[in-house]
Amino acid sequence: LRNTTNTNLNTFIGMSFNQSNEMMVIWKYCSRKSLDHLIFEKNMRFGRTFQGSFLKHILNGLQYIHSSQIQFHGSLFLSNCVVDAYWVVRLTDFGVQEIIWDKMEHKELESCRSVDIERLPTKYYQLPPEILRPLIQNKQNKMICSGSQKADIYQLGMVIYQILYHKRPFLDKSDMTSRELITTICHGNKGNPFYPSLPDDNDYTLRLTSIMQQCWSTKLDTRPALYAISDAVAREFEKE
């Protein structure tokens, strides 16, 4: 991690832990905080130029991770897309999931929190079905789960959605309990895929929205490759 260098990856400083007690992971501080903070806490509305730039930065960083020894991000939330003083987006909190998972498997670390489905933080609705299923089936009672490149693609679709629409996924499903929502995400709605709703005033091409929805496929093999997503983004924002 310390040797990982890319314009769109945040700088890893280090990590330390006391067995079964406390763990700290330290990354370089980015002055504008995260895209999640800017969009949902500061309520900033970004136009197409910024949207295209943000997405290209994220895709560039993720492509580097997928082609490196790290292999996958593992926690691709909008809150892990941090922004520096020059409006460059850098992915952070990557490459640590497997380290934490391995230490938990060997009882060197213990999770301070078990999973209560009804109190699950809403950002976890953005996890792919293959990671959520063990939680609702009580096969995994910890908050830390191992990831994959295909899981990254699913979460990338959620990141794209929030950058385009300034809206959190499944916000319109407040009538469902947390368990009902997660179960539907995992198994579909009466046999149909269950995706975040597109706004009525959607201004983006079918090419981009279609590939974004393909990211959310429950069938891992049908999720699009990064190069296909990059192409759709480049075509969408080529005039910006």
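Read-outs throughout are calculated quantities, based only on the coordinates presented, and are distinct from any laboratory measurement. Note that this is a predicted model, so its numbers are computed, not measured. Here Cβ is always computed from backbone atoms with ideal geometry, including for glycine, and neighbour counts include all displayed protein chains.
Per-structure values
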| item | result |
| --- | --- |
| Shape call, the chain: gyration tensor on alpha carbons, a/c limit 1.5 | oblate |
| Rounded Å value of the spacing that divides the Cα centres of the range 23-85 and the range 186-240 | 19 |
| The chain: relative contact order in percent, alpha carbon pairs under 8 Å with at least 6 residues between | 20 |
| Extent along principal axes [Cα atoms of the range 173-240; Å; largest to smallest] | 42, 30, 17 |
| ³J(HN,Hα), Karplus 6.51/-1.76/1.60, whole Hz, each residue of the range 156-167, x for Gly, Pro | 4, x, 5, 5, 4, 4, 5, 5, 6, 10, 6, 8 |
| Residue range of the chain that is longest and free of trypsin sites (Lys or Arg not before Pro) which are both DSSP loop and sparsely packed (at most 15 other C-beta within 10 Å) | 46-106 |
| Radius 13 Å from Cβ of Ile65, net charge of other residues (Lys, Arg +1; Asp, Glu -1) | -2 |
| Long-range amide H partners of Met44 with built H, under 5 Å | Ile39 |
| Given charges at beta-carbon only (K, R positive; D, E negative), |dipole| of the chain in Debye | 120 |
